[in-house]
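Encoded as C-alpha cells, the structure appears first; notes follow it.
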Protein chains: 2
Amino acid sequence: MTSATAPRARVPGPAVGRESRATQSSLREANLALVAATVCASAEPLSRADVAGRTSMTRSTVSRLVDDLVGGGVLDELEPGVVTGRGRPATPLVPGAGIAALGLQVDAGFLAARVLDLRGRVVAGRVVDGAFVGSDPTVVLPLLAALADEVLADLAPGIRLVGAGLALPGLVSPSGTALLVAPNLGWADLEAGHLPVVGGMVPRVGNEADLAARTVAEVAPGRPGPLADFVYLSGEVGIGGSLVLDGRGMPGRHGWAGEIGHVPVDPDGPACPCGSTGCLERYVGRAALLTAAGLPPTASGRDLADAARAGEPSAVSAVARAAWALGVVLAGVVNVLDIPAVVLGGHLAQVADLLRPDLEEHLRTRSLSARWVAPTVTSAGEDPAAGASGAALRELSEVLAHPADWAGAA
Amino acid sequence: MTSATAPRARVPGPAVGRESRATQSSLREANLALVAATVCASAEPLSRADVAGRTSMTRSTVSRLVDDLVGGGVLDELEPGVVTGRGRPATPLVPGAGIAALGLQVDAGFLAARVLDLRGRVVAGRVVDGAFVGSDPTVVLPLLAALADEVLADLAPGIRLVGAGLALPGLVSPSGTALLVAPNLGWADLEAGHLPVVGGMVPRVGNEADLAARTVAEVAPGRPGPLADFVYLSGEVGIGGSLVLDGRGMPGRHGWAGEIGHVPVDPDGPACPCGSTGCLERYVGRAALLTAAGLPPTASGRDLADAARAGEPSAVSAVARAAWALGVVLAGVVNVLDIPAVVLGGHLAQVADLLRPDLEEHLRTRSLSARWVAPTVTSAGEDPAAGASGAALRELSEVLAHPADWAGAA
C-alpha cells in the first residue's frame with residue numbers, strides 16, 4: 001500500500017458505512033451521539049435509567065440505542081451487581097475500552113507514539129528523546145513510523161484503532177492534510193504523500209499546541225476538564241499556543257490562531273527565525289530560558305526549577321525575566337481576547353509555580369479588566385507528549401460525533 | 001417616569017406581546033425572521049417569488065408571512081409597476097422605513113445622537129463637539145439627553161422608535177446595563193440609574209469600538225458588508241478595538257474582548273492611565289499621534305494627512321512611527337487570532353492611505369502566516385460617530401431577530 005492510496009486518518013467502521021446510512025434517520029444518528037456523549041461526559045458509570053433521565057428520552061429508546069452502541073464497542077456494560085436504591089441491579093455503562101486511536105508527535109527534543117482508548121487511558125505508548133532541530137523529515141518520519149509500529153505491536157488483541165493523528169510544532173493546512181511550516185524543526189511544505197502510513201492510515205496532522213490544549217479541555221474523550229475558557233501555552237524549543245472558549249478551540253480563519261510564541265515582547269528584541277524580532281519564544285522558549293539561567297539547553301524545566309529554588313542567582317533572574325516577558329505578551333492576549341486564564345504546558349509547566357506570583361502580578365497590572373476578573377495562571381501538568389495524547393483525543397472525538405458509523409445496524 | 005422604572009432599551013411591539021406568543025408556533029416566528037432577514041440581506045428589492053426561491057418556502061406561505069411583516073412595518077411594499085420577465089407586475093419588498101432606533105455616543109471630543117431606520121438610513125442626527133476628557137457624567141449625560149431630544153423632535157411623524165443604544169469608549173458590564181470604566185472620559189461605575197431616559201427608554205450601553213465595527217460588518221441592518229472577518233481599530237483619544245469573525249463579533253468571556261489599545265508596543269514605553277506601560281494608545285491615540293506630528297491635539301487626522309502629504313518632516317515621521325507601532329501590535333493580534341484583515345476607524349481612517357504601505361509591510365514581516373495569507377489594511381471611512389450608528393444597528397438587529405414581536409397577529 002502506498003501512502004497515496006492509504007485511507008486517511010479515520011477508517012470506516014465495520015458496521016454501517018456512510019453511504020448506506022444516507023437513507024436512515026438522522027434522528028437516530030443524533031440520538032446515538034447524544035447517548036454516547038452523555039455516558040462519556042460522566043465521571044461515574046451511568047445506568048440506562050440515568051441516561052434516560054439526562055437525555056429526556058424514554059427508557060426503551062435509550063435501551064435500543066445503548067444496545068447498538070454496546071454492539072459497536074462505543075460503550076461497554078460493566079457487570080451488573082451494583083444495587084440501586086430501589087433494589088434493582090443496575091448495569092453500569094462506560095465508554096468502550098475496545099476503541100482506541102493513535103497519537104503521534106514530533107518535537108524538537110523527542111518523538112512520541114501513544115494509543116488512547118475511549119476511556120482516555122493510555123493503553124500503549126513510547127517517548128524517545130532525540131535532537132530534531134533543523135532535521136530532515138525524510139529521516140525523522142520513518143523513525144516515527146517504526147516507533148508507532150512498536151507501540152501498535154504492544155496493543156492488546158481486540159482493540160480497534162479508529163484513527164491516527166500527528167502533532168507538529170507549526171502551521172498546518174486548514175484541511176489537516178499538510179504541514180506548511182515548523183520553524184524550529186526546519187520543516188516546510190510537507191504533503192500527505194510525505195507522511196508515513198501507520199496502522200494502515202495516513203495520520204491527520206495538527207498543531208501541537210492546539211492538540212495539547214485538548215488534554216486540558218477534555219480529561220477523557222468527551223469529558224470536560226475543570227477549565228472551559230483558557231489560553232494554552234506550550235513550552236518547547238518554540239512556544240506554541242491555543243485558544244479555548246466554552247471548551248472548544250478557537251481556530252481563527254485558517255486554523256492558525258494561537259501563535260502566541262510570535263507575539264513580540266519587545267519589538268527591538270532578538271531576531272527570531274520567523275523573520276520578526278523580539279518574539280516571546282526568544283525569551284521563554286526552552287533553549288532561550290535555560291541558557292539565560294546558565295543551564296545547558298538540554299536541561300529540563302525541572303532542573304531550572306531546582307536551581308531557582310536553591311537560590312542560584314542566574315536561575316532566579318531568568319525566572320523573573322520569563323515571568324515579565326510572559327506577562328507582557330499574555331496581558332496583551334487577555335486584553336484582546338477576554339479569556340483571563342492561562343495554562344502553561346511543556347517546560348513552562350515545570351516552572352509554573354515559580355512563575356505564577358510575578359506573572360499574575362504583571363497580568364493584573366497590564367490587563368484592563370483585571371480589576372473585575374483577575375487573570376489566573378495554572379500548570380497543565382508535566383506530560384512530555386501532551387500533543388500526542390491530544391492527537392488521539394481528536395480522532396476519538398470523531399467517534400463520539402458520529403457513533404452511528406460504529407454502532408450496530410438499526 | 002423615573003429612570004429606575006423606565007423600560008429598558010427595547011420597547012414592546014404594539015402587535016403581540018411575548019407572553020401571548022408563548023402558545024403560538026415557534027415555527028412561524030422562525031419563518032418570519034427568515035423572510036425579514038432575506039429581504040434585509042438583499043441589496044435590491046425582492047418580490048415575494050424571489051423570497052420564496054431564496055427560502056425554499058412556498059409562495060403562499062411567504063405571502064402570508066410577508067403580509068404580517070408589512071402589517072407590522074418590518075417590511076414595506078413599494079409600488080408595483082416594475083414588470084418582470086414574464087410580464088407580471090412584481091411588488092418589490094424592502095425593509096420598513098417606519099421602524100427606527102436611536103444611537104447615542106459619548107466620545108472624548110464629541111456627543112452624537114442619530115436615528116437609523118431599518119433601511120440603514122440616518123433619518124435624523126446631530127454631532128456636537130466638546131471636550132469630555134476627565135469629564136463629569138452627571139454634567140455630560142443631561143447634555144446628551146437634550147441632544148437626543150432635539151434629534152427625536154426632528155423625526156418625521158409615523159416613525160416608530162424600537163430601541164436606544166449608547167456607545168461609550170470603555171468596558172461595559174456583560175448585560176449592557178452599566179459602564180465599568182471609560183479611562184479617557186474618566187468615568188467609572190455608571191449604573192443604569194445614572195443613564196438618561198431618551199424617547200421613553202433607558203439606552204442599552206455598548207463598547208464604542210464593538211458598535212462601530214457593526215457599521216463595517218453590516219452596511220444596513222441585516223445586510224453584510226464586504227468583509228466578514230476583520231480586526232477593527234477605533235482611533236479616538238483612546239484606541240478601541242473589536243474582533244469580527246464570520247460577520248459576528250467575538251465578545252470573549254465577559255464582552256471585553258478587543259482592547260487592542262492596551263496591548264503593549266514596547267513594555268518600557270510611556271505610562272498609560274490604565275496602569276500599564278507602552279500601550280498602543282500612547283503611540284497612536286489621537287492626541288499622542290498629533291502631538292508627535294507637531295500638531296495641536298485638537299487637530300484632525302485629516303490635518304495630519306495634509307501635513308504628511310506636504311512633506312512636513314515631523315508629520316512624516318509621526319506617520320511612520322504610527323505604522324510601526326500599529327504593525328507591532330496588530331501582527332501580534334494576527335498571530336493570536338488568525339484574522340488577517342485590519343480596518344482602521346476614527347482619526348486612523350483619515351491617515352489609513354498613508355499608514356497602509358508601511359503597516360502592511362510590518363504585518364508581513366511579523367505575522368507567521370503572512371507567507372500564505374498576506375494581512376490587509378483598509379479604512380472604515382470617515383464617519384465621526386460610527387459608534388452611534390452601530391448602537392442603533394444593534395437595536396434594529398433585535399427587530400430582525402424577533403420580527404414576530406412587530407408583525408401582525410397570526
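The values are calculated or read from the model by the stated rules, or taken from the named source; none is laboratory data. Here the structure is a predicted model, which means the values were calculated and not measured. Because the Cβ atoms are built from the backbone with ideal geometry, glycine has one as well, and the counts that use them run over all protein chains shown.
A few remarks follow.
- Applying the set (1) modelled with pLDDT of 95 or more; (2) touching a strand residue (DSSP E or B) at 6+ places or on another chain (Cβ under 8 Å); (3) among the charged types (D, E, K, R) to B:R286 leaves exactly one unmet item: (1).
- Applying a threshold of 6 Å to beta carbon distances and a minimum spacing of six or more residues, or different chains, the list of pairs starting in the range B:382-410 at a residue that is over 20 Å from B:V205 (Cα atoms) and ending at one that is at pLDDT 95 or above and not in a helix (DSSP H, G or I) reads B:P403/B:V74; B:W406/B:V74.
- Selection within the range B:51-79 - aliphatic (A, V, I, L, M) and in contact with a Leu (Cβ under 9 Å, 6 or more places away or on another chain): B:V51, B:M57, B:L65, B:V66, B:L69, B:V70, B:V74, B:L75, B:L78
- Matching residues in the range B:375-384 - criterion: being at pLDDT 95 or above and out of contact with any Asp or Glu (no Cβ under 6 Å at 6 or more places or on another chain): B:P375, B:T376, B:T378, B:S379, B:A380
A quick yes/no check of all residues on (1) out of contact with any Pro (no Cβ under 8 Å at 6 or more places or on another chain); (2) at negative phi; (3) modelled with pLDDT of 95 or more:
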{"position": "B:G13", "(1), (2), (3)": "yes, yes, no"}
{"position": "B:E19", "(1), (2), (3)": "yes, yes, no"}
{"position": "B:A30", "(1), (2), (3)": "yes, yes, no"}
{"position": "B:A41", "(1), (2), (3)": "no, yes, yes"}
{"position": "B:S56", "(1), (2), (3)": "yes, no, no"}
{"position": "B:G87", "(1), (2), (3)": "yes, no, no"}
{"position": "B:A90", "(1), (2), (3)": "no, yes, no"}
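- Condition met for B:V127 (in a strand (DSSP E or B) and either within 14 Å of chain A (Cβ to nearest Cβ) or among the β-branched types (V, I, T) (or both)): yes
- All told, B:G261 meets the bar of being of a type in the set (G, A, S), touching a residue at least 24 places away in the same chain (Cβ under 8 Å) and farther than 29 Å from B:E150 by Cα.
- Here A:G240, A:G275, A:G235, A:G252 are screened, and the one residue that is within 14 Å of chain B (Cβ to nearest Cβ) and in contact with a strand residue (DSSP E or B) (Cβ under 7 Å, 6 or more places away or on another chain) is A:G240.
- Applying the condition of being within 12 Å of chain A (Cβ to nearest Cβ) and small (G, A, S) to the range B:178-192 and asking which residue is surrounded by the fewest Cβ atoms within 10 Å (Cβ to Cβ) yields B:A188.
- Single unsatisfied condition, A:V343 versus (1) in contact with a helix residue (DSSP H, G or I) (Cβ under 6 Å, 6 or more places away or on another chain); (2) β-branched (V, I, T); (3) farther than 18 Å from A:V244 by Cα: (3)
- The lone exception for B:R282 - which of (1) within 30 Å of A:H254 (Cα to Cα); (2) within 14 Å of chain A (Cβ to nearest Cβ); (3) charged (D, E, K, R) it fails: (1)
- Number of the condition not met by A:L185 [criteria: (1) over 29 Å from A:Y283 (Cβ atoms); (2) part of a loop (DSSP other than H, G, I, E, B)]: (1)
- For the range A:103-123, a residue qualifies if it is assigned to a strand (DSSP E or B) and buried (at least 21 other Cβ atoms within 10 Å of the Cβ), and the qualifying residues are A:G103, A:L104, A:Q105, A:V106, A:L111, A:A112, A:A113, A:R114, A:V115, A:L116, A:D117.
- Scoring B:L195 on the criteria (1) at pLDDT 95 or above; (2) buried (at least 24 other Cβ atoms within 10 Å of the Cβ) leaves a single failure, condition (1).
- In the set (1) touching a Pro at 6+ places or on another chain (Cβ under 7 Å); (2) closer than 25 Å to B:H362 by Cβ, the condition left unmet by A:M250 is number (1).
- Residue in the range A:262-274 that is of a type in the set (A, V, I, L, M, F, W, C) and either over 28 Å from B:G278 (Cα atoms) or outside the structural domain of A:L359 (by TED's automatic domain parsing) (or both) present: no
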